[in-house]
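Remarks on the structure that follows.
Where a number appears in this text, it was derived from the coordinates with a stated rule and is not lab data. Treat the numbers as computed from the prediction; the structure is a model and nothing was measured. Glycine gets a Cβ as well: all are built from the backbone with ideal geometry, and neighbour counts include every protein chain shown.
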């Protein structure tokens, strides 16, 4: 691993997502080569393999087919007919691309076809942000919009015979391998950055290291080398020793401690390499054909390989993982709070050594969570330089460094607070997690994603909004007497009645606001008269069950919240207005109510006789007094100051309002 200065570490941010999900493999297969834990296969030479970002699925490409496999059990999930030589997941794991087609990664349903793609899709790869697909083939390099499939750009120099394409982790650079060498393109300026030469034969594979500092390339038969390059300058660094066959594929572990190469022709092996030293760690043998494709699991503990011998092998890397501690999102799993609630999670580190700073990116589901804030934890608590978080729609990148020296062991790196915008299951994925010591040397920990589970579904939640609240009472009331199956029939007796109402009332307060605040939902809140009627019917049922009695108690509290302690005339809204306004008020007791409107000189303009009304809150537009801005003969009144008076029994109160035209 290339050293960086301490200051550069603090300012360094990446944008490629490599997520992890610590799965315990439960394959039980016999007759496997040493180090292998499973053999999969559906017939046909396997040209591509890929792990889903959450680590739960393996995709393989074979003879125009794509197969999806359960990464834990090895079970075949589904087959997709079509595809090309490459198979790649989008960074968020929602889609799968191969050749000129994109599919839904869960269902296998075809989503779109890349336009003008002939001769450009032998090797296809997603940009780190998932917005673009880059493809290379016999005609050169093209870029497409990943959402629509529309052709965006053909690079200036359409290099022919392209075998491999790779994005840099920050998305700024594209590396392309062909029979001439490695072409580098600056994507921000759409210009060619240079040609890296040194391989004596065709370049079959190029890959960037997770930190973006190094580019690795593999040569064809007759070259048989893996070469490392400085990704920024293009300067040749070294050739890894001991390879004796063509290098079909190269992959980096997200733990940033291992690199693997898939070889063919004479050896048909997989080699592991130490990223920091370039030393050969291990060789896996077992395929009887070229190893066309390899991929690390997101947690770095398993390697999958696909071969022309029509098999897929999975290899146990646990003995070779050399991580510095572990970083995880906690608590996990955690049940999703209700809609609008906040969820605070911790980024925790454990069993680490010599940590003076860190960097980590958390990717979240923007359709279920909204990032609110984050703050530094106690692990790096002394003389901390915390970089302001870098936030996108669905990611937040945190970084901090301590000037007080190195830290050991474990603790909290940071806390993150989100707002729930949709209460459902989702995954928070950790990526680009780097630890640094005081010299600026980087190390990588094991990483553990966070899981948010579906909130518990209560039968009392008749509206299905993940919260038992006043809206559920209103819905049941609107369905009183309804026969047959219904969400409002809480006890399942085939009819919606007061018993269902009381069961819902008993669940109020478990995940809803306090009764004293229920009237704030004034647009849908029941009237005090309605609640009194519900209570009267409930008491007539006369059940002594504790749940039923709790329901009555909650309705009594609701009634109390709907009965103001005193009669009050409130400010009209909107004010100023044109041409209409609403006049809200509170009634402490039932009485006849009128609202009179006078001009500034005291002349009566309009009298609103509202009749006898029950005690309660009359704030919402469907309950407040309404004035359309017209006098008693139906003429619109002029702009100016007016006064409105509430008369309720012996109570009288006047306020001022303004019409502006």
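Overview of values
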read-out	value
Helical mean residue ellipticity (222 nm; -39500 (n - 2.57) per DSSP H run of 4+; nearest 500) of the chain	-2500 deg cm²/dmol
Residues residue 622 and residue 601, FRET efficiency given R0 of 30 Å [Cβ-Cβ distance, rounded to 0.05]	0.35
Residue 549-residue 575 pseudo-label distance in nm [points 7 Å out on the Cα-to-Cβ vector]	4.7
For the chain, alpha-carbon Rg and Dmax in angstrom	33.4, 105
In nm, spacing of pseudo-spin labels at residue 321 and residue 459 (7 Å Cα→C-beta vector)	4.3
Calculated FRET efficiency for the pair residue 392/residue 533, C-beta based, R₀ 60 Å, to 0.05	0.70
Extended-chain gain in nm, criterion 0.36 nm per residue less alpha-carbon gap, residue 351 and residue 244	34.6 nm
Principal axes of segment 326-453: Cα extent on each, largest first, Å	44, 24, 21
Highest to lowest packing among 493-506, 312-325, scored as the average C-beta count within 10 Å	493-506, 312-325
Ordering of 449-456, 119-126 by burial proxy (mean other Cβ atoms within 10 Å per residue, highest first)	119-126, 449-456
Calculated log₁₀ intensity ratio I(q)/I(0) where the Debye formula runs over C-alpha points of segment 568-659, q = 0.15 Å⁻¹	-0.51
Cα point-scatterer Debye curve for segment 45-247, base-10 log of I(q)/I(0) at q = 0.12, 0.13, 0.16 Å⁻¹	-0.59, -0.69, -1.04
Cα pair distances of segment 63-157 binned at 10 Å [whole percent]	17, 51, 25, 6, 1
Segment 245-365 - Rg over Rh from alpha carbon coordinates, Kirkwood radius	1.11
Kirkwood Rh and Cα Rg combined as Rg/Rh, segment 250-314	0.96
Sites residue 367 and residue 438 - FRET efficiency at Förster radius 45 Å, r taken between beta-carbons, to 0.05	0.65
Overall dimensions of segment 52-116 as given by Cα atoms, namely Rg and Dmax in Å	11.0, 39
Full-extension gain in nm, residue 200 to residue 643, via 0.36 nm per residue minus C-alpha separation	150.2 nm
Inter-probe distance in nm under a simple model that places probes 7 Å from Cα toward Cβ, at residue 375 and residue 233	4.4
Share, in percent, of DSSP beta bridges within the chain that are antiparallel, nearest 5	95
Spherically averaged projected area of segment 225-275 from its Cα convex hull (nm²)	3.7
Dimensionless Rg/Rh of segment 399-505 - Kirkwood Rh, Rg from C-alpha atoms	1.33
Volume per residue that the Cα convex hull of segment 197-284 spans, once the total is divided by residue count, Å³	77
